[in-house]
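Worksheet: one structure, shown below.
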Amino acid sequence: MSILRFNHLHPPFNNVAVRRALLGAIDQAEAMTAVASADRTFWHDGIGLFGAGTPLANDAGIEILRGPRDYVAVRQALARAAIMAKKSSSSRRPTPKGFVRCLWREPTSCVAPA
């Protein structure tokens, strides 16, 4: 049994909008081929967290994994997620005087306190 999931405890996957956006880029068949070979007798795709035929198996939300990959839509959703994250981070406590806050860990994105 193989499970591919995002580690939601660490950025950027701690942002639910990022996780939702990236689901549109996941191809279960490609992932399972990499793990268990191209022989489809060893694996199934188009299923959710609970394996087919088990008591908790259902199709809720599975259409994103069964449909075609739309990478343009994924990029747009990721951009929206970044904008939402930036807006929510602006509500953090202000940076103390004399310190610099780096938003993306790149020297060009460090901003001096106002």
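Using the count of nearby Cβ atoms within 10 Å as a rough guide to exposure, how do Ile62, Ile83, Ile47, Ile3 rank from fewest to most?
Ile3, Ile83, Ile62, Ile47
At full extension, Asp27 and Ala57 could sit 8.8 nm farther apart than now, given 0.36 nm per residue minus the alpha carbon distance. Positive contributions from Lys and Arg (+1) and negative ones from Asp and Glu (-1), summed over other residues with Cβ under 13 Å from the Cβ of Ala73, come out at +3.
Using the crude model of +1 on Lys and Arg Cβ and -1 on Asp and Glu Cβ, and no other charge, please compute the dipole size for the stretch 1-89 relative to its Cα centre, in debye to 20.
Details: 10 positive and 7 negative charges, 113 e Å.
About 540 debye.
Count charges around Ala31 for me, please; just the other residues with Cβ under 12 Å from its Cβ, Lys/Arg as +1, Asp/Glu as -1. Around Ala31, the surrounding residues sum to -2.
Expressed in nm to one decimal, what extension gain is obtained for the pair Arg69 and Ile83 from 0.36 nm per residue of sequence separation less their Cα-Cα distance?
Working: separation 14, 0.36 × 14 = 5.04 nm, distance 2.29 nm.
Extra length available between Arg69 and Ile83 comes to 2.8 nm.
Values in this text are rule-based calculations from the coordinates and carry no lab data. Since the structure is predicted, the reported quantities are computational estimates derived from the model, not experimental observations. As a convention, Cβ positions derive from the backbone with ideal geometry for all residues, glycine included, and neighbour counts pool all protein chains shown.
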